[in-house]
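Colleague: Pasting a structure below so you can have a look.
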Amino acid sequence: MSYLDITLCSLTEIIGDFNLKAFANSGGIKSFSLGIIGYIGVIYYLIRSLQGSTVLVVNTAWDGISTIIESLAAYFILGERLNSASEYVGLVFIMAGLFLLKLPLMRQTDFIMPSFF
């Protein structure tokens, strides 16, 4: 597992979420298809991340990276702000927690797709 794998998992999750939200509210084959493709990407990157790692570490990293990415998007794209300094401190703690997981930036071993049979 690496920061790259987890970040790509989080980004594909956001693509899936945004498109399935659009489908839920407005319909359309394009939104539905892109939502499903996004979640196929999530499955792929989750398998990559779990190979040679634990569910505990993968889930913790995924939650943290996803929170940081979505918070940045909300701040810069939507113009949202937190209500107090302590909430910003909470985001700093999430970043510190990710640092303490000591994940490599890139995979240390090659990914090998598991056999279905």
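The values are calculated or read from the model by the stated rules, or taken from the named source; none is laboratory data. Here the structure is a predicted model, which is why all the values come from computation and not from measurement. Positions of Cβ are generated from backbone atoms using ideal geometry, with glycine treated the same way; all protein chains shown enter the neighbour counts.
Colleague: Against the definition (farther than 21 Å from residue 70 by Cα and part of a loop (DSSP other than H, G, I, E, B)), how does residue 53 come out, yes or no?
Modeller: Here the answer is yes, as residue 53 does meet what is asked.
Colleague: Can you name the residue in segment 90-117 that is under 17 Å from the mean Cα position of the chain (by Cα) and part of a loop (DSSP other than H, G, I, E, B) and is also farthest from residue 48 (Cα to Cα) among such residues?
Modeller: That would be 101.
Colleague: Tell me, which residue of segment 28-52 that is of a type in the set (Gly, Ala, Ser) and surrounded by fewer than 16 Cβ atoms within 10 Å (Cβ to Cβ) is nearest to residue 109 (Cα to Cα)?
Modeller: Only one residue tops the list, namely 52.
Colleague: Oh, and also: Which one of these does residue 62 not meet: (1) surrounded by 15 or more Cβ atoms within 10 Å (Cβ to Cβ); (2) assigned to a helix (DSSP H, G or I); (3) out of contact with any Cys (no Cβ under 7 Å at 6 or more places or on another chain); (4) modelled with pLDDT of 90 or more?
Modeller: Condition not satisfied by residue 62: (3).
Colleague: Another one. Could you count how many residues in segment 85-104 are closer than 16 Å to residue 62 by Cβ and among the hydrophobic types (A, V, I, L, M, F, W, C)?
Modeller: Here the count works out to 7.
Colleague: Just wondering, is there one or more residues in segment 74-93 that are modelled with pLDDT of 90 or more, farther than 17 Å from residue 5 by Cα and surrounded by 15 or more Cβ atoms within 10 Å (Cβ to Cβ)?
Modeller: Within segment 74-93, one or more residues are modelled with pLDDT of 90 or more, farther than 17 Å from residue 5 by Cα and surrounded by 15 or more Cβ atoms within 10 Å (Cβ to Cβ).
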